[in-house]
Amino acid sequence: MSIHKTEAIVLNKYDFRETSIIANFYTKDHGKLSGILKGIREEPAKFASNLQQFSYNEIIFYKKRNSALHLISQCDLRDNFNAIRGNIAKIGTASIMMELLGAIMPQEEENEDVFNLALSALSELETDNNYADKITRIFKIKILALSGFKPHFDSCVSCGSRINGQSKFSLKLGGLLCLKCCHKDFRARPIFRGTVSSVLYIERNDFKNNFNLGMNPQIKKELDLILDSFLN
């Protein structure tokens with residue numbers, strides 16, 4: 001077994017036998033990672049963290065060659081994001097982000113940009129009291145782009161032509177269809193140009209700068225519908 005140290009965000013955890021815990025992390029250097037903390041429920045003082053969901057930790061673990069479950073020997077808390085835990089709406093937003101990380105990202109595939117995105121989103125959520133919904137939208141768009149699963153909004157997903165006017169969004173094909181290609185999916189739905197522009201803006205700018213982007217209620221509603229349908 002080789003030994004490693006890395007920064008990690010707790011995605012979730014569950015009890016294992018009488019004394020141990022199995023935790024799933026998203027780490028800076030190893031991507032999504034699962035590990036067992038032996039004896040932590042019997043002797044919690046052995047670890048400097050209680051491993052709450054979305055807490056930010058530094059872990060030391062022994063990587064097993066023939067198993068996806070590694071041995072966590074040390075877990076030190078860096079930030080518990082206590083300001084989030086005192087607000088139900090913020091807890092819901094943070095939990096959604098952790099669920100998306102767990103569902104979208106592959107096991108043990110490094111993606112430091114995704115780790116930094118998650119940490120930035122949690123930091124913004126902790127300090128801001130007005131933008132929980134906006135943080136969720138930005139996070140969904142950014143994680144889809146960084147993970148390689150993003151909807152195709154740059155051009156027509158069928159013919160590749162640039163779209164300057166009206167278009168439709170095809171859930172089946174995963175992107176925009178120009179008017180000439182709309183027959184490729186009769187269930188494709190019209191989409192506001194402002195929604196397309198908002199997605200492209202968020203993809204191309206860093207997390208904090210996206211807070212300056214204004215959206216009217218129609219665009220917010222349409223964006224939530226498309227993102228949730230696409231993620232499902």
Here are the criteria: (1) outside any helix (DSSP H, G or I); (2) modelled with pLDDT of 90 or more; (3) under 30 Å from GLN107 (Cβ atoms); (4) not aromatic (Phe, Trp, Tyr). Tell me which single one ILE138 does not satisfy. (1)
Exactly one condition in (1) in contact with an Asp or Glu (Cβ under 7 Å, 6 or more places away or on another chain); (2) part of a strand (DSSP E or B); (3) within 19 Å of GLU126 (Cβ to Cβ); (4) of a type in the set (A, V, I, L, M, F, W, C) is false for ALA83; which is it? (2)
Check on ARG204, within 17 Å of LYS221 (Cα to Cα), surrounded by fewer than 17 Cβ atoms within 10 Å (Cβ to Cβ) and basic (Lys, Arg): no
Number of the condition not met by ALA94 [criteria: (1) more than 29 Å from ASP228 (Cβ to Cβ); (2) at pLDDT 95 or above; (3) assigned to a helix (DSSP H, G or I)]: (1)
Quick check on segment 38-56. Is at least one of its residues surrounded by 15 or more Cβ atoms within 10 Å (Cβ to Cβ), on the phi > 0 side of the Ramachandran plot and over 15 Å from the mean Cα position of the chain (by Cα)? yes
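Return yes or no: is PHE153 farther than 30 Å from PHE186 by Cβ and surrounded by 19 or more Cβ atoms within 10 Å (Cβ to Cβ)? Spell out the reasoning first.
Values: farther than 30 Å from PHE186 by Cβ: no; surrounded by 19 or more Cβ atoms within 10 Å (Cβ to Cβ): yes.
So PHE153 fails the test.
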Go through segment 97-108 and give me each residue that's open to solvent by 20 Å² or more (accessible area, probe 1.4 Å) and either outside any helix (DSSP H, G or I) or not aliphatic (A, V, I, L, M) (or both). GLU99, GLY102, PRO106, GLN107, GLU108
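Only residues that are among the hydroxyl-bearing types (Ser, Thr, Tyr) and open to solvent by less than 40 Å² (accessible area, probe 1.4 Å): list them for segment 115-150, please.
Narrowing segment 115-150 to residues among the hydroxyl-bearing types (Ser, Thr, Tyr): 120, 123, 127, 131, 136, 147.
Passing the criteria: THR136, SER147.
The values are calculated or read from the model by the stated rules, or taken from the named source; none is laboratory data. All of these numbers come straight from a predicted model, not from anything done at the bench. No Cβ is skipped: glycine too gets one built from the backbone with ideal geometry, and neighbour counts run over all protein chains shown. Just the protein is used for accessible areas: all its heavy atoms, side chains included, with ligands, DNA and RNA removed. Shrake-Rupley method; radii C 1.70, N 1.55, O 1.52, S 1.80 Å.
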